[in-house]
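I have placed the structure first, in the form of C-alpha cells, so that the comments after it can refer back to it.
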Amino acid sequence: MPDDLYRRARQAGLNVSQLAQRAVADELDRLAKIAELDTYLAQLEVELGPTTEAERTEARVWADGVFDGPRRRSRSA
C-alpha cells in the first residue's frame, strides 16, 4: 500500500489491518465461488454439451436486461 494512502487511512481513524484482512477474506470467498461456478458449468457442459453461439447471445441479452446492461462492466466470453 502506498505510504500516502496508508497515512490518510490512519488519519481518518481506519483500522488498516482489519480492512485489509476483510478485503482479502472477501476476495478469497469471491474466488472460491467463481471456482465452484466454473466446476458446475463444466459439469453441465459434459451432461448437456456445449452451448451454441445463439444460446450465448440469448443469455447475454437476458443478463444485460437484468443487470442494466451497458452500465455494468462486461466480461468477455
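What follows draws every value from the coordinates through simple rules; no lab data is involved. Predicted model only: the values in this text are computed from it and were never measured. With ideal geometry, Cβ positions are generated from the backbone for all residues, glycine too; neighbour counts draw on all protein chains shown.
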message: With the crude spin-label approximation of a point 7 Å out along Cα→Cβ, what separation in nm comes out for residue 15 versus residue 46?
response: 4.4
field: Sum of side-chain charges, residue 22 neighbourhood, beta-carbon under 13 Å (Lys, Arg +1; Asp, Glu -1)
entry: -2
query: Looking at the square roots a ≥ b ≥ c of the eigenvalues of the Cα gyration tensor of the stretch 3-71, which shape do they give, rounded for a/c under 1.5, prolate if a/b is larger than b/c, or oblate?
result: oblate
- prompt: If r is the Cβ-Cβ distance from residue 62 to residue 26 and R0 is 30 Å, what FRET efficiency results, to the nearest 0.05?
  reply: 0.60
message: Can you list the DSSP H helices in the chain whose Cα atoms extend at least 30 Å along the helix axis and whose mean Kyte-Doolittle hydropathy is -0.5 or higher?
response: 16-48
